[in-house]
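Note sheet for the following structure.
The values are calculated or read from the model by the stated rules, or taken from the named source; none is laboratory data. What you are looking at is a predicted structure, and each value in this text was computed from that prediction instead of being measured. Reconstructed Cβ throughout: ideal geometry from the backbone, glycine too, with neighbour counts over all protein chains shown.
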């Protein structure tokens, strides 16, 4: 264990909310003068409590170097002791309560609640005791681990190699301390999609499993580390790994060790009755048929029959299989939540169809088995029915599981809820739960490599769930677990107490997380890096950086599957429009440089933890963007025959080599080789259908570490150049080149009010012989820099306008480029509006558009109990605005209704198009769609249904949904008429409460096609 000694200083002396490093009035010496207070626990207490005392002992030693004694059942010969126990299970704690020495008011009888308090004269011969008392087993466990966290042991000390800061002494402050009662009863995560990373690392690190022929590696030694992490994070509930894993068979001790830790075991949405599908696949006999095609029952397997996972055709075998799962739960005595229902083998829809009668018969059979095999009142056994993907249709069609069953609502696998309970429905005794995703395998593409979570987005959706009464059970898919540390801890902290973490405290949460793992000195900057990282990642998953999705405006999204087109050989970020690819790559580069500086400044002992929790994901993603930029510029340049094309191919290969070097360091050197094989998740080769088959559009490629150039998809292009000089010209905002094109070369319109960088002309060589060039504008008030020179491969020349000399109105200025015996004319359109600047208000039109970030409104109209709320960082380019509360009903736009008003100055009259960029939310209500409305000035608001294309059945998850989730945006456009140039008011009206607007763009005729949209327009104060 690495320990860290902090320099002294007042800012470091107070370690936690009730632990200090210095003595003081009333403080209890946990460790002082080289001695540690003994830890006393009753042998009659729960197994999980007896075990956690040993962890607390080890944690105190990690921090101070002093190992406290652990004493069972007797009073040690010590003046001051630590008493740890559970109310009603520990005679020691119960004695203190009975004698009035310990007040457990507000603790006793609660769920998973703890009390930490210093009391006087607790026992004969003991002057003082620090008491950690729990309302139940996990209450005590959480109390002990809370002390561990308070003294400086990060929950991630093992899973992310976080050093433990050294303290010579530790003191508990006087007073009554509690973490309260969790708001969400069951809180946990799903280890899923665990190949290749976790599935490679775990068997090598922990050894193979015990099931013959199924090495697994997900043994009780592995799960013990998972259980400990869970409890340190105040989680209590686990869905074990499933793909190729059988929790009960890979190690028969997996359930027993869960019980020893006090962890609740469940099974995923596709694994009913405490049995994963892998067990069925291992033991069920394949179907055998006679010559007539009739099934022959072999009769030598406990689940004799066809081996088919079909309740209609093989129901009796399946029921016996389920009965064994419940019998095992009873015999092994572990605490569990039983999953009901059924999906198809391989986490697919049922082959039997989705009739309500079938699902009702499945539920009835499962409940009968549960009652019979458990010997208990079935209504006292925690059970869940998960509305995952097509299963939600049963609920929508009226299926209602028994009232005591918890109904689990799901997101769409991309972090957007699909449904919430209708407040009009009567309360269910089983309540409601949530299944959420930080990692996913499936359409539109796997995202498994690094954390891509934007906390603002997660907060908004968890807040929505909680406010609609979803509070019985929350579980999140964390894939391989490692790599999702920050979002997982936030998910569990928020589930414990949503009210503690309102929107305005997200920054504080990040700072606490950073300080917990790296100390206070650099916590602010690390928190800012992590915040910026989440914002940049939320633009697009890394796995999707080689897929462009376009919509054919002539086709109906709701009915025509060809309306959305996928291109896996194009960058979603445009190479030319608004220099988008350059801008986003530069943002990643700056963030990586910032992460580098912090890494260099941190003490060396923090390097492994920083690499795992911050540096790798930032640096490797920035490197991927550098690779993609070089890759797609290479292909673009190769099409134009540019001399620089091969240089970019070289650069892309260098970036690939850097990616592989970082993976190699992670796998072989990081933490002394502890994580060998963990960084093996492909992310670069997606989309190569020719090599990986028809599912390659969404399924991961075999690996990234194949021999170049095959590893990079789409492939790089190398060209052979003629031994001569040949002029080529390209202009800002266009993918074309001249003199190849016959249409005129035209630069984007120039405006004195533009916020985008000055326009440019590129002069490039299509041969190997350098040449001289000149660029000559037709008027003196247009200048080009550099206007002349020598072209080896390419030169970018900036075009600027002297607005003090430019005439009013629109002027076309020819610019002549000469070189290598060829001449090309480029047209510069200079638009100098006649409207005096003193009359400008709000955002000002330039370059044929007005772009506005949602939070840059002129006026927010809050009426009818609605308040417009800013969600910082939720947007792909900034913040977002949404109406609160989320429980507000639908509003009719118009009149004095809630709205955001944006003042704009337009130089264009006539027809304009207004595009709203919205978070890609689904309609969680039982309505015809999720809607907003838009208007200009006093025109009638146009209502826009943003989920119409997915149809009334929101379970469809069609191509429009794939486009919205892949692009992480919902883009809709309306057409309006502006009567005259001048100042106007753009109004964004609330219709439904869960709409989050990120930005608005008014196209007046010059908007270029891009992924993020143009830079925000100049804003003039009113």
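Structure values in brief
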quantity: Tally of residues being surrounded by 18 or more Cβ atoms within 10 Å (Cβ to Cβ), out of contact with any strand residue (DSSP E or B) (no Cβ under 6 Å at 6 or more places or on another chain) and at positive phi across segment 969-1015; calculated: 0
quantity: Condition broken by residue 224, with the remaining ones in (1) surrounded by fewer than 23 Cβ atoms within 10 Å (Cβ to Cβ); (2) touching a helix residue (DSSP H, G or I) at 6+ places or on another chain (Cβ under 7 Å); (3) touching a residue at least 40 places away in the same chain (Cβ under 8 Å) satisfied; calculated: (3)
quantity: Lone qualifier among 93, 141 - being modelled with pLDDT of 95 or more, out of contact with any strand residue (DSSP E or B) (no Cβ under 6 Å at 6 or more places or on another chain) and farther than 14 Å from residue 177 by Cα; calculated: 141
quantity: Segment 89-106: number of residues that are touching a residue at least 40 places away in the same chain (Cβ under 8 Å) and closer than 20 Å to residue 44 by Cα; calculated: 5
quantity: Only one of 344, 355 that is surrounded by fewer than 16 Cβ atoms within 10 Å (Cβ to Cβ), outside the structural domain of residue 681 (by TED's automatic domain parsing), within 29 Å of residue 702 (Cα to Cα) and more than 23 Å from the chain's Cα centre (by Cα); calculated: 344
quantity: Residue 495 over 27 Å from residue 612 (Cα atoms), buried (at least 23 other Cβ atoms within 10 Å of the Cβ) and in contact with a strand residue (DSSP E or B) (Cβ under 6 Å, 6 or more places away or on another chain); calculated: no
quantity: Residue tally, condition over 30 Å from residue 719 (Cα atoms) and either crowded, with 23+ Cβ neighbours inside 10 Å or touching a strand residue (DSSP E or B) at 6+ places or on another chain (Cβ under 8 Å) (or both), over segment 618-634; calculated: 1
quantity: Test: residue 785 is closer than 25 Å to residue 720 by Cα and at pLDDT 95 or above; calculated: no
quantity: Candidates 876, 890, filtered to the one that is assigned to a loop (DSSP other than H, G, I, E, B), over 21 Å from residue 999 (Cβ atoms) and either at pLDDT 95 or above or not assigned by TED's automatic domain parsing to the domain that holds residue 588 (or both); calculated: 890
quantity: Matching residues, segment 844-857, being within 14 Å of residue 999 (Cα to Cα) and touching a residue at least 40 places away in the same chain (Cβ under 8 Å); calculated: 849, 850, 851, 852, 853, 854, 856, 857
quantity: Subset of segment 144-176 [touching a strand residue (DSSP E or B) at 6+ places or on another chain (Cβ under 7 Å) and on the phi > 0 side of the Ramachandran plot]; calculated: 152
quantity: Test: residue in segment 563-571 that is within 21 Å of the chain's Cα centre (by Cα) and crowded, with 16+ Cβ neighbours inside 10 Å; calculated: no
quantity: Sole residue being farther than 30 Å from residue 440 by Cα and modelled with pLDDT of 90 or more, chosen from 332, 360; calculated: 332
quantity: Qualifying residue in segment 235-254 (condition: within 22 Å of residue 161 (Cβ to Cβ), in a loop (DSSP other than H, G, I, E, B), in contact (Cβ under 8 Å) with a residue 60 or more places away in the chain and in contact with a strand residue (DSSP E or B) (Cβ under 7 Å, 6 or more places away or on another chain)); calculated: yes
quantity: Top-ranked residue of segment 427-444 - restricted to ones that are in a loop (DSSP other than H, G, I, E, B) and under 14 Å from the mean Cα position of the chain (by Cα), ranked as surrounded by the most Cβ atoms within 10 Å (Cβ to Cβ); calculated: 439
quantity: Filter pass, residue 701 being modelled with pLDDT under 90 and in contact with a helix residue (DSSP H, G or I) (Cβ under 6 Å, 6 or more places away or on another chain); calculated: yes
quantity: Flag for residue 40 being touching a strand residue (DSSP E or B) at 6+ places or on another chain (Cβ under 6 Å) and modelled with pLDDT under 95; calculated: no
quantity: Those residues of segment 667-687 which are part of a helix (DSSP H, G or I) and surrounded by fewer than 21 Cβ atoms within 10 Å (Cβ to Cβ), in sequence order; calculated: 667, 668, 671, 672, 673
quantity: Number of the condition not met by residue 752 [criteria: (1) assigned to a loop (DSSP other than H, G, I, E, B); (2) free of Cβ contacts under 8 Å to residues at least 40 places away in the same chain; (3) touching a strand residue (DSSP E or B) at 6+ places or on another chain (Cβ under 9 Å)]; calculated: (2)
quantity: Unique match (being in the same structural domain as residue 195 (by TED's automatic domain parsing) and closer than 30 Å to residue 870 by Cβ) among 496, 509; calculated: 496
quantity: Which numbered condition residue 190 fails, given (1) buried (at least 23 other Cβ atoms within 10 Å of the Cβ); (2) more than 29 Å from residue 117 (Cα to Cα); (3) in contact with a helix residue (DSSP H, G or I) (Cβ under 7 Å, 6 or more places away or on another chain); calculated: (3)
quantity: Exclusive hit being farther than 20 Å from residue 971 by Cα, in contact with a strand residue (DSSP E or B) (Cβ under 7 Å, 6 or more places away or on another chain) and buried (at least 20 other Cβ atoms within 10 Å of the Cβ), set 912, 904; calculated: 904
quantity: Segments classed as strands (runs of 3 or more DSSP E), wholly inside segment 41-137, with at least 3 members that are under 45 Å from the mean Cα position of the chain (by Cα) and either on the phi > 0 side of the Ramachandran plot or surrounded by fewer than 21 Cβ atoms within 10 Å (Cβ to Cβ) (or both); calculated: 70-72
quantity: Qualifying position, being closer than 19 Å to residue 755 by Cα, in contact (Cβ under 8 Å) with a residue 12 or more places away in the chain and either touching a helix residue (DSSP H, G or I) at 6+ places or on another chain (Cβ under 9 Å) or outside the structural domain of residue 747 (by TED's automatic domain parsing) (or both), among 1001, 975; calculated: 1001
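Quick grid of which residues meet (1) farther than 27 Å from residue 237 by Cα; (2) in contact (Cβ under 8 Å) with a residue 12 or more places away in the chain; (3) touching a helix residue (DSSP H, G or I) at 6+ places or on another chain (Cβ under 8 Å); (4) in a loop (DSSP other than H, G, I, E, B):
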{"site": "139", "(1), (2), (3), (4)": "no, yes, no, no"}
{"site": "142", "(1), (2), (3), (4)": "no, yes, yes, no"}
{"site": "145", "(1), (2), (3), (4)": "no, yes, yes, no"}
{"site": "155", "(1), (2), (3), (4)": "no, yes, yes, yes"}
{"site": "158", "(1), (2), (3), (4)": "no, yes, yes, yes"}
{"site": "161", "(1), (2), (3), (4)": "no, yes, yes, yes"}
{"site": "165", "(1), (2), (3), (4)": "yes, yes, yes, no"}
{"site": "168", "(1), (2), (3), (4)": "yes, yes, yes, yes"}
{"site": "171", "(1), (2), (3), (4)": "yes, yes, no, no"}
